[in-house]
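Reviewing the structure listed below.
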Amino acid sequence: MAAPLQTAAAASFLRRSPSGVTVSVHVQPGARRNALELSAVGVLKAAVTAAPEDGKANVAVLALLAAAWRIPKSAIAVKQGAVARNKVFSVTGEPGALESRIGEWIEGNG
């Protein structure tokens, strides 16, 4: 059964911050393919082929998020969990516009 569609504002992985939004992501490094998906319980999961060494997986996740949400890579940074599988990324920009972009992705992929 497919997960119910969520709006970006209601997504559990997304929080507004003074400078934009923060995004909680569960990362699976060393995966067979790069993929970004939203689980049935609202957890954002990123699978990347990059190895979890020297920040390679973090860079791959950053690129995956930027491509999926059509935002510049320079607007995204690891805020917490640089060496953990559960990470928090900060995304700089106008929160409403970012929520709208992420909401479009959720509608197409949720």
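The values are calculated or read from the model by the stated rules, or taken from the named source; none is laboratory data. All of these numbers come straight from a predicted model, not from anything done at the bench. All Cβ positions, even for glycine, are placed from backbone atoms using ideal geometry, and neighbour counts span all protein chains on display.
Do we find that residue 14 is touching a residue at least 40 places away in the same chain (Cβ under 8 Å) and in contact with a Leu (Cβ under 6 Å, 6 or more places away or on another chain) in this structure? So residue 14 fails the test.
The set of residues from region 59-95 being in a strand (DSSP E or B) and surrounded by fewer than 19 Cβ atoms within 10 Å (Cβ to Cβ) comprises 77, 78, 79, 80, 86, 88, 90, 92. Among the candidates 75, 40, 68, 50, the residue that is within 13 Å of residue 22 (Cβ to Cβ) and either touching a Ser or Thr at 6+ places or on another chain (Cβ under 6 Å) or in contact (Cβ under 8 Å) with a residue 12 or more places away in the chain (or both) is uniquely 75.
If we keep just the residues of region 11-23 that are of a type in the set (Gly, Ala, Ser) and surrounded by 19 or more Cβ atoms within 10 Å (Cβ to Cβ), which is modelled with the highest pLDDT? Here the answer is 20.
Checked against (1) at pLDDT below 95; (2) under 13 Å from the mean Cα position of the chain (by Cα); (3) exposed (fewer than 13 other Cβ atoms within 10 Å of the Cβ), residue 8 passes all but condition (3).
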